[in-house]
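The values are calculated or read from the model by the stated rules, or taken from the named source; none is laboratory data. If you're wondering where the values come from, they're calculated on a predicted model, not measured in any experiment. Cβ atoms come from the backbone with ideal geometry, glycine included; neighbour counts cover every protein chain shown.
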Amino acid sequence: MKRSAKHYLVQRIRKFADEYLILEKGDRILVAISGGPDSVALLHLLLELREEYELTLILAHMEHGIRGEESQEQAGFVQRIGRELGLDCFIRHVDVPVLSRMKSMSLEEAAREARYQFFLETARRAGATKIALGHTADDQAETLLMRLLRGAGLDGLAAMRPRREEDTPLIRPLLNVFRREIMEFLQEQKIPFCLDSTNQELDYLRNRIRLHLIPMLSREYNPQILLTLHQTASILGEEREWASSLVKEKLQQCLKSVEGKKMRLSLDDFLALPLALQRDVLREAVQQVNSNPYRIGFIKVCAVLQWLREGRVNGRLHLSHNVCISKQVRSFWIEEKEPEPERLFEDFHYQMNIPGETRIPELNLLVSARILDNFDEHDNRFEAEKAYLDFDALPLPLVIRKRQPADRFQPLGGPGHKKLKEFFIDDKIPRPEREKIPVLASGHEVVWVFERRIGEPFKVTERTRRILLIEKIT
């Protein structure tokens, strides 16, 4: 009798999850869902395990603006999935082409950065304990080849891990599953999904690896190339974890003192280490002192090591705009320097037009307000750029302004009020960014922190008669 693809994959994922602590009882999981086959399969397989692990599932989708109408249709598809399954669904629209130009990044890099930022922010807002990503064994093989072609050390070649520790851990339950198995499962269960037309465009290196290089390697060199690459990445990942513990141990042996974001190491002990350990100990030390983790490339690492061996005493070397190394006779310091303070935004304070539009020229921002009487009109309740509020619970008039020291806020889902400053700290928003986030308020009572959280007293409930929809337009 032919095996059930669903039964087989559920067993595989259960075993994989228990081995790597991917799923634990009572997890509240933010599922990153694009609408494509991998992420849709991930969602449905987690649904199969939901009762066993007592999971709460939340959906998150970023519409990146790269494929125009196709991207919008995919966002709508994800939204319908959430509605049909009764799951909360957070959607954010990001103009990645504009973002890539602003940051001088490729579309791939800009989209990846924006996605992860959105997932981490949304997980914090939703109280998620983990973020589930739909990467498969095929993605692992492609990543290994891509990094090998670009040049990488053990960290890079180890590719993706089943679980990566962040403020909210990232988990990859499908990392041991191949795409052909995913497709077999979706076809067997008749589960619909979307196809991304950009996956066929050869402008992207990953696509060229998937569509050209891997088929050629499979045809002419190794029919099991995907399995071989996947296993190689897994082995390198396990070796990297062992090496990482050794690096931390050697760093402690070289460490002489720590003062805040400043670390002093013994120069003699450091230079006595094997060259490979010198590289990794240096990187680890930089990571530990730097608030915004900065990874040094191979060429710069070699230059720093040569400078430590041969450079003059009392010299100073800058690794980035806020990390530097200073050398003494028998020791050297690695420290984070405070960057120059950013110019604060001008103060602004505008009473909101309800209904109507309100322009905030200091932020180049236009905000609209509409009163809704029909609950069917707010399908997009969980989009970051919109706030749905109980109109009759609001203390009018409302103003859009900068944060103020006396501001108090009861975040949605929170037990009570706190200072707005404490909310920003808890949400890990860097101090310079706080000046750029407008708040909707009445007096010192914060109603909505734009694109972050609405206030608990103003949420829409079953007793709500009129809804105020506030939407950030530009």
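Key figures for this structure:
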quantity: Flag if F118 is within 30 Å of Y53 (Cα to Cα), in contact with an Asp or Glu (Cβ under 8 Å, 6 or more places away or on another chain) and of a type in the set (F, W, Y); calculated: no
quantity: Filter result for the condition that a residue is closer than 30 Å to N290 by Cα and either outside the structural domain of E121 (by TED's automatic domain parsing) or more than 26 Å from the chain's Cα centre (by Cα) (or both), over E445, E433, E385; calculated: E433
quantity: Single residue of R112, R83 found to be in a helix (DSSP H, G or I), over 21 Å from the mean Cα position of the chain (by Cα), on the phi < 0 side of the Ramachandran plot and surrounded by fewer than 21 Cβ atoms within 10 Å (Cβ to Cβ); calculated: R83
quantity: G65 being at positive phi, surrounded by 23 or more Cβ atoms within 10 Å (Cβ to Cβ) and outside any helix (DSSP H, G or I); calculated: no
quantity: Which listed residue, of L46, L59, is under 22 Å from F77 (Cα atoms) and touching a Pro at 6+ places or on another chain (Cβ under 9 Å); calculated: L46
quantity: Meets criteria (closer than 24 Å to E19 by Cβ and outside any loop (DSSP other than H, G, I, E, B)) for E188; calculated: no
quantity: Residue among L46, L55 that is touching a residue at least 24 places away in the same chain (Cβ under 8 Å), under 21 Å from D139 (Cβ atoms) and in contact with a Leu (Cβ under 9 Å, 6 or more places away or on another chain); calculated: L46
quantity: Count of residues meeting criterion [without any contact (Cβ under 8 Å) to a residue 60 or more places away in the chain, closer than 19 Å to R161 by Cα and charged (D, E, K, R)] in the stretch 105-133; calculated: 2
quantity: Which numbered condition L30 fails, given (1) touching a Phe, Trp or Tyr at 6+ places or on another chain (Cβ under 6 Å); (2) touching a residue at least 60 places away in the same chain (Cβ under 8 Å); (3) under 23 Å from E385 (Cβ atoms); (4) aliphatic (A, V, I, L, M); calculated: (1)
quantity: Total residues in the stretch 38-62, condition closer than 25 Å to L99 by Cβ and either touching a helix residue (DSSP H, G or I) at 6+ places or on another chain (Cβ under 7 Å) or surrounded by fewer than 22 Cβ atoms within 10 Å (Cβ to Cβ) (or both); calculated: 6
quantity: All positions within the stretch 195-228 that are of a type in the set (A, V, I, L, M, F, W, C), within 24 Å of A111 (Cβ to Cβ) and surrounded by 11 or more Cβ atoms within 10 Å (Cβ to Cβ); calculated: L195, L205, I209, L211, L213, I214
quantity: Single match in R240, R210 (criterion: closer than 21 Å to N176 by Cα and either among the aliphatic types (A, V, I, L, M) or at pLDDT below 90 (or both)); calculated: R240
quantity: Any hit, the stretch 269-287, residues being in the same structural domain as E63 (by TED's automatic domain parsing) and polar (S, T, N, Q); calculated: no
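So that you can scan it fast, the table gives a plain yes or no per residue for (1) touching a Cys at 6+ places or on another chain (Cβ under 6 Å); (2) at pLDDT below 75; (3) over 19 Å from E201 (Cβ atoms):
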position: E63; (1), (2), (3): no, no, no
position: S71; (1), (2), (3): no, no, no
position: A75; (1), (2), (3): no, no, yes
position: Q79; (1), (2), (3): yes, no, yes
position: G86; (1), (2), (3): no, no, yes
position: I91; (1), (2), (3): no, no, yes
position: V96; (1), (2), (3): no, no, no
position: R101; (1), (2), (3): no, yes, no
